[in-house]
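One structure is given below, encoded as structure tokens.
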Amino acid sequence: MTTRTTRPLFVALALVLALAGQAAAQAREEIAVTGAREWLALADSGQYGATWDQAGQLFQGSTPKEKWEASLAAARKSYGSVEQRNLKTVVVTENLPNAPQGKYVVTTFDTKFAQAPAATAEVVTSFLESSGQWKVVGYNVKPIENGQAGQQQPQQQQQQQSEQKPPQSH
């Protein structure tokens, strides 16, 4: 008799724990997306050195600060100011090509720059560091061709992201 009574209780408890786990994972992803937006705001305001300072160890270890500042400044000058930015996709993964295993969030934004000839996609890759903080470890800007940017397979987006390069002038 107690088996019938406790079975629904165990099922309910398992469901509550599963939903709590999903909510926690979603909250972590939202923190990564918020961090990506804050990082982009630094770039938008011309604080290029601060973007490097706020980036993760993987990024800082592969790109000297002075080189990053100069490259990002030149690229942003050619693109102009951001007129509009909309969240397009969020991809969560633990494997990126040529990168250590860990938790990554690849966030893609459809972005309209004042001087860009076409719509662009900004791809920001964040990594969950051992400190428990999400840090940007990759940034890429590319033109949207026929509305297709942000609709690539996650593997393709992540492969491009592993380069940690600023946008190139076109």
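Of the listed requirements (1) part of a helix (DSSP H, G or I); (2) within 19 Å of Ala36 (Cβ to Cβ), Ala74 misses just one: (2). Residues that are open to solvent by 40 Å² or more (accessible area, probe 1.4 Å), touching a residue at least 24 places away in the same chain (Cβ under 8 Å) and either more than 22 Å from Ser81 (Cβ to Cβ) or in contact with an Asp or Glu (Cβ under 9 Å, 6 or more places away or on another chain) (or both) within the range 42-55 comprise Tyr48, Gln54, listed in sequence order.
A count restricted to the range 92-124 and to residues that are touching a Pro at 6+ places or on another chain (Cβ under 9 Å), buried (at least 19 other Cβ atoms within 10 Å of the Cβ) and among the β-branched types (Val, Ile, Thr) stands at 2. Selection of first residues in the range 84-103 that are closer than 13 Å to Ala32 by Cβ and of second residues that are in a loop (DSSP other than H, G, I, E, B) and at pLDDT 90 or above, restricted to Cβ pairs under 7 Å at least 6 apart or on distinct chains, gives the following pairs, ordered by first then second residue: Gly102/Glu94; Lys103/Glu94.
Would you confirm whether or not the range 56-66 contains a residue that is assigned to a loop (DSSP other than H, G, I, E, B), in contact (Cβ under 8 Å) with a residue 24 or more places away in the chain and under 21 Å from Lys135 (Cβ atoms)? Full working, then the answer.
First, pick out the residues of the range 56-66 that are assigned to a loop (DSSP other than H, G, I, E, B): 56, 63-64.
This time we only want the ones that are in contact (Cβ under 8 Å) with a residue 24 or more places away in the chain, so: 56, 63.
Applying the additional criterion that residues be under 21 Å from Lys135 (Cβ atoms) yields 56, 63.
Yes, the conditions are met somewhere in the range 56-66.
Only residues that are closer than 18 Å to Pro100 by Cβ and out of contact with any helix residue (DSSP H, G or I) (no Cβ under 6 Å at 6 or more places or on another chain) were counted across the range 116-126, and they come to 0.
The values are calculated or read from the model by the stated rules, or taken from the named source; none is laboratory data. The structure displayed is predicted, hence computed values, not measured ones. All Cβ positions, even for glycine, are placed from backbone atoms using ideal geometry, and neighbour counts span all protein chains on display. Side chains are part of the model used for accessible areas, which takes the heavy atoms of the whole protein and leaves out ligands, DNA and RNA. Shrake-Rupley method; radii C 1.70, N 1.55, O 1.52, S 1.80 Å.
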